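Down below is the structure, laid out as structure tokens.
The values are calculated or read from the model by the stated rules, or taken from the named source; none is laboratory data. Please read all numbers here as calculations on a predicted model, not as lab measurements. Reconstructed Cβ throughout: ideal geometry from the backbone, glycine too, with neighbour counts over all protein chains shown. Heavy atoms of the whole protein, side chains included, go into the accessibility calculation; ligands, DNA and RNA do not. Shrake-Rupley method; radii C 1.70, N 1.55, O 1.52, S 1.80 Å.
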Amino acid sequence: MDVDTASYAVTRRYLRDGDLPPPEAVRVEEFVNAFNYNYLPPSVEAFAVHVEGAPSRFGDGKRLQLLRIGIQGRVIPSEDRKDAMLTFVIDVSSSMDMENRLELVKRALTLLVEQLRPGDAVAIVVYGSRAQVVLPHTGIEAREEILEAIRSLKPEGATNAEDGLRLGYTLALRNARVNTINRVVLCSDGVANVGETGADAILKKIRAHVEEGITLTTVGFGMGNFNDVLMEQLANQGDGSYAYVDTLNAAKRIFVENLTGTLQLIAKDAKVQVDFNPQVVSRFRLIGYENRRLDHEDFRDDKADGGEIGSGHSVTALYEIKLHEGANGQLATVFIRYEDPDTHGISEISEEIFTTQLSGRFEAASSEFQLAATIAEFAEILRESFWAQEGSLKAVAQSIEGIAPQIPNEQVDELMHLVSRAIRAKS
């Protein structure tokens, strides 16, 4: 289970600059998961499963169905959030001076600090050529002291991400508290050019800290030499999530509107397995998630790494399936397996899917289903997927135009604008 959305934000930045993104920067699941599909949260379990299907608008002539499996996490009210011990590890190297990257970091972290409450504490570690502690863990009652430390940051030197993370984790471990959110928040453009520079080498030294309850959130800033792959890998291996901030509005979504989801986990090592009934389904394709796939036997191997899911987060997976002609009945079973972050107990839930849950026409499906399908096609075209060789951005634009009146919000308006930019950039 993966809730990262950075690929969509990175692509947004490219398109706003008039460029198409590199195909390898487009991860379909991160486009799909960047949007809200209004799934109802569970009343008892950690997750609720929502299923919908219809003939694929973008698979004409192939008798393909599109199946959407939406998984909605439990919502923890903000007043019930655990206290947080946050260690900001901030890249202040010279590359962060480009395009005011560091200034956006400072504004984003100011938003976050203003949302914190008594019981929370913040420390600040910076790194350029070397790492240093700017502020030891300080309670939020000294909010102005924390904000002053953030305002004082200035870019300098090379980029020793290894040293910054090492010092950040050391500080986080030294001050970790039981029954508290203990998290390192890395803010960087992802460039590492001093010390160890690869995700594996950097995290080899700090992986043990994950076992001790210190999670990692990576937040990317900037473009140009922004190292998207490194930031994604760091979050994956650090039991956390990865987001990209290109505007102050994006920062507000992460640090203000979704703060509890950003900080507090409801599930660790969460995995999904969909078992298709071969008597009904002749073939299937999971759209996206190429670097999230597990071997079949890893699903119930609780040592195999899964995803970390925060309060209120949802995950959407789309499957393109072909049914045997005239087949009816049970189509598949969805299994979800996860670890409770507090008790460390393992739970598994399942839900069956039937052909009666498939609509007869794409247009008869919910507007949210149509939106998810259209977003996935947009991403598949941008990443030059084999499965979208005959795809048309104009068909994507027409689909969004039909959906927009039913889902009037800024995100859909923005999506329409980005598709228009992509059409112009391709022409």
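Per residue, the accessible area of region 292-406 comes to 48 Å², computed with a 1.4 Å probe over protein heavy atoms only. Rolling a 1.4 Å probe over the protein heavy atoms of region 256-322, with every protein chain left in place, gives an accessible area that is 43 percent carbon and sulfur. With respect to the chain, whose longest principal axis is taken over its alpha-carbon atoms, helix 228-237 is tilted by about 90°. For region 68-78, 3J(HN,Hα) computed residue by residue from phi via the Karplus equation (6.51, -1.76, 1.60; θ = phi - 60°) reads 10, 10, x, 10, 9, x, 4, 9, 9, x, 4 Hz, glycine and proline entered as x. Computed from Cα atoms alone, the Kirkwood hydrodynamic radius reported for region 1-130 is 19.1 Å. Mean residue ellipticity at 222 nm, helices only, the chain: -9000 deg cm²/dmol; runs of at least 4 DSSP H residues each add -39,500 (n - 2.57), and the sum is divided by the number of residues. With both bridge residues required to lie in the chain, what share of the DSSP beta bridges run antiparallel, to the nearest 5%? Counting only bridges with both partners in the chain, antiparallel ones make up about 65 percent. In summary, region 355-427 shows an alpha-carbon radius of gyration equal to 1.14 times the 2.2 N^0.38 Å reference for compact globular proteins.
The HN-Hα couplings worked out from phi for region 137-152 by the Karplus form 6.51 cos²θ - 1.76 cosθ + 1.60 (θ = phi - 60°) are 4, 10, x, 5, 5, 9, 3, 5, 5, 5, 5, 5, 4, 5, 5, 7 Hz, whole numbers, x standing for Gly and Pro.
Once the Cα-Cα distance is subtracted from the 0.36 nm per residue extended length, the Asp413 to Leu40 segment shows a gain of 131.9 nm. The Rg/Rh ratio of the chain, with both radii computed over alpha carbons and Rh defined as the Kirkwood radius, is 0.97. Each Cα pair under 8 Å and six or more residues apart adds its sequence gap; the mean of these over the residue count of region 231-322 is a relative contact order of 40 percent. Distance between the C-alpha centres of region 323-381 and region 224-270: 25 Å, rounded to the whole angstrom. With K and R counted +1 and D and E -1, the other residues having a Cβ less than 10 Å from that of Leu294 yield a net charge of -2. To put it simply, the accessible area of region 20-117 at a 1.4 Å probe is 47 percent carbon and sulfur.
Expressed in Å, the radius of gyration and Dmax of the Cα atoms of region 224-325 are 16.9, 51. Normalised by 2.2 N^0.38 Å, with N the number of residues, the alpha-carbon radius of gyration of region 301-427 equals 1.33. In the chain, once you exclude exposed GluC sites (Glu not before Pro) (DSSP loop, at most 15 other Cβ within 10 angstrom), what's the longest stretch remaining? The longest such stretch corresponds to 213-324.
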